[in-house]
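For reference, the structure discussed in these notes is given below.
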């Protein structure tokens, strides 16, 4: 194996599967920013949980790297673990009372709009965040991967473990829901 930092992903995965912690650390460094971004997107309703989900994903990946099948990309496998971790947290929180969590209308909320264009931009940004957070996780994941991460339909479908037509259906439903939620911001 090369020692110059340009180790191939395949070699690193092979070593990590044999218990080589340094090889796994190199994989973590390669994917940590992207994984955090994906965790933030999937956990849009739980922004404070994103870092925990990313860390739990890496721990779970290390524990189960031996079961990784190379018929999919390592990043796809990590994404599925992160998505599953986030969805488990969301299901758990659905059963808990969340009345004490502040929203944009709470007294003293730090995101009070300022004057002029900045206020409109801030309001639109919050509205988009709320609209994304309001989507079911499967629809939000499709939008995050295609429209925010910039993946092709085929890449996003592979990451989600669904067919391309299923992904397109999810994107259509998600975009229609977002458009309906954001109709007040349209500039005709």
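Only the coordinates and a few stated rules stand behind these numbers; no lab work does. Quick caveat, the model's predicted, so the values are computed rather than measured. Note: ideal-geometry Cβ built from the backbone for every residue, glycine included; neighbour counts use all protein chains shown.
Quick check: residue separation of residue 172 and residue 126 times 0.36 nm, minus the Cα distance between them. What number comes out in nm? The partial results should precede the final answer.
Working: separation 46, 0.36 × 46 = 16.56 nm, distance 2.20 nm.
Value of the extension gain: 14.4 nm.
With a 10 Å radius around each residue's Cβ, average the other Cβ atoms per peptide and rank 12-18, 156-162, highest first. Walk me through the numbers on the way to the answer.
Working: 12-18: 17.0, 156-162: 19.7.
My ranking of the peptides, most packed first, is 156-162, 12-18.
Over all directions, how big on average is the projection of the convex hull of the alpha-carbon atoms in the range 122-188, in square nanometres?
4.7 nm²
Label-point separation (nm) for residue 149 and residue 73, each offset 7 Å from Cα along Cα-to-Cβ?
Using points 7 Å along Cα→Cβ, the separation is 0.8 nm.
If you take the beta carbon distance between residue 51 and residue 163 as r and set R0 to 45 Å, what does 1/(1 + (r/R0)^6) give as a FRET efficiency, to the nearest 0.05?
Values: r = 32 Å, r/R0 = 0.71.
It comes out at approximately 0.90.
Between residue 62 and residue 11, what is the label-to-label distance in nm when each label sits 7 Å out along the Cα-to-Cβ direction?
Inter-label distance under the simple model: 2.3 nm.
Between residue 138 and residue 84, what is the label-point separation in nm under the 7 Å Cα-to-beta-carbon projection?
Inter-label distance under the simple model: 1.7 nm.
Take 86, 146 and order them by how many other Cβ atoms sit within 10 Å, fewest up front. Before the final figure, lay out each step's value.
Working: 86 29, 146 21.
With the fewest neighbours first, 86, 146 line up as 146, 86.
For the range 9-94, how big is Rg over Rh, using alpha carbon atoms and the Kirkwood form of Rh?
Working: Rg = 12.9 Å, Rh = 13.0 Å.
Ratio of gyration radius to Kirkwood radius for the range 9-94: 0.99.
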